[in-house]
1. Going through Phe144, Phe109 one at a time, which residue ends up being open to solvent by less than 50 Å² (accessible area, probe 1.4 Å), aromatic (Phe, Trp, Tyr) and under 22 Å from the mean Cα position of the chain (by Cα)?
2. Here are some residues: Ala276, Ala230, Ala206. Which one is within 21 Å of Val145 (Cβ to Cβ), touching a strand residue (DSSP E or B) at 6+ places or on another chain (Cβ under 6 Å) and either open to solvent by 30 Å² or more (accessible area, probe 1.4 Å) or modelled with pLDDT under 95 (or both)?
3. Name the residues in the range 19-39 that are open to solvent by 10 Å² or more (accessible area, probe 1.4 Å), under 17 Å from Ala226 (Cβ atoms) and either assigned to a strand (DSSP E or B) or not small (Gly, Ala, Ser) (or both), would you?
4. Residue check: is Gln83 open to solvent by 40 Å² or more (accessible area, probe 1.4 Å), under 26 Å from the mean Cα position of the chain (by Cα) and over 15 Å from Leu191 (Cβ atoms)?
5. State which residue pairs qualify: first residue closer than 22 Å to Asn254 by Cα and outside any helix (DSSP H, G or I) and inside the range 52-75, second residue open to solvent by 10 Å² or more (accessible area, probe 1.4 Å) and among the polar types (S, T, N, Q) in any location, beta carbons under 7 Å apart, and separation of 6 or more residues or different chains.
6. Tell me, which residue of the range 86-106 that is open to solvent by less than 70 Å² (accessible area, probe 1.4 Å), in contact with a helix residue (DSSP H, G or I) (Cβ under 9 Å, 6 or more places away or on another chain) and outside any helix (DSSP H, G or I) is nearest to Gln162 (Cα to Cα)?
7. Is it the case that the range 165-177 has a residue that's touching a residue at least 12 places away in the same chain (Cβ under 8 Å) and either more than 30 Å from Pro269 (Cα to Cα) or among the acidic types (Asp, Glu) (or both)?
8. What pairs can you find where one residue is in the range 201-222 and closer than 12 Å to Thr143 by Cα, the other is surrounded by 14 or more Cβ atoms within 10 Å (Cβ to Cβ) and of a type in the set (S, T, N, Q), and their Cβ atoms are less than 8 Å apart, with a gap of 6+ or different chains?
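The values are calculated or read from the model by the stated rules, or taken from the named source; none is laboratory data. Since we're looking at a predicted model, the values are computed, not measured. Virtual Cβ from ideal backbone geometry, glycine too; neighbours counted across all protein chains shown. Remember, those area values only see protein heavy atoms, side chains included, never the ligands or the DNA or RNA. Shrake-Rupley method; radii C 1.70, N 1.55, O 1.52, S 1.80 Å.
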Amino acid sequence: MKRIVFTLVFACAVLCAPAQLLYRISGNGLPSPSYIIGTYHLADVGFVDSIPGIHQAMNDCQQVYGELVMSDMLGGDSVALMQQAMMLPEGMTLQKLLTANEMSRLNAFMKELMGMDMNNPLVAQQMGKMTPSALSTLLSVYTFVKKGGNFNVQNSFDDYFQKQARNHGKAVGGLETLAFQIKVLYGGKSLERQKELLMCQVDNAAFMDEMTDRVIKAFYAQDLDALMKALDEKLNNSCDTSPEEENELIYNRNSNWVKKMPALMVKKPTLFAVGAAHLPGEKGVLNLLRQAGYKVEGIK
């Protein structure tokens, strides 16, 4: 469940990794090195200056690729597509989907977090028709902001690298399309499973709060090992992400990205900026690149 929550606001993976976020990719016939940086989608943009070697890597690369082209998210058609995916079917509301007891627990959680709940007509109008997955994402962002985080969807950590590339006349691209991410994040689970995971978030507030603190601290310490340990904590019940869900959210995407990266790197030295938790582990992007014959070195 923790992985699903954080992947929905655009992060996730497993196992240990060194304490750094930026890696150089070389060898295997590449005419020039490329780089990959692990991001935390809610991180403060100003933190970029604390990452060793990032500005030199940006100068050396001729194009930037993210999980998707961030500016695509702000277009009218894209916004409409996202809104459609985040809303319940016509005539359905959370009030109808949840039991009275579940609704009471959700309201108590929202009241504590936001100071208001679904008993407020404006809140009910804005959030009461959202899918459980979409509401879970929104509540995760509220949790981050309540802890002092400063998240601006129009000036996000991931988008920084693409904006800088454009400012210097460099190409920008995405390893996935927005439609694909919407399908993975919002279309891959039944409403019943979405409801179950939302209530897991509600009923384990203290656990989730502590995990959020650990994720934030680990990322800003550039400690992927600690980040993964935090994300990989388990409740040992149905709230935990299933192997099938992990494959859909993480491992299949890692594999698809690594299949696309060689052609991009041969054409131009590229900076890849993707969620930090996609990098480490046996089936993480870094190891998959090494298995494909590349030399992958952390930049300290």
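1. Of the residues listed, the single one that is open to solvent by less than 50 Å² (accessible area, probe 1.4 Å), aromatic (Phe, Trp, Tyr) and under 22 Å from the mean Cα position of the chain (by Cα) is Phe144.
2. Going through Ala276, Ala230, Ala206 in turn, the sole match is Ala276.
3. Hit for the range 19-39 is Gln20, nothing else.
4. The answer is yes for Gln83.
5. That search, which allows pairs on different chains as well, returns Leu68/Thr177.
6. Only one residue fits best here, namely Leu88.
7. Yes, the range 165-177 contains a residue that is touching a residue at least 12 places away in the same chain (Cβ under 8 Å) and either more than 30 Å from Pro269 (Cα to Cα) or among the acidic types (Asp, Glu) (or both).
8. Within 8 Å, the pairs are Gln201/Ser136; Gln201/Ser140; Met208/Thr143; Met208/Gln201; Asp209/Thr143; Thr212/Ser140; Thr212/Thr143.
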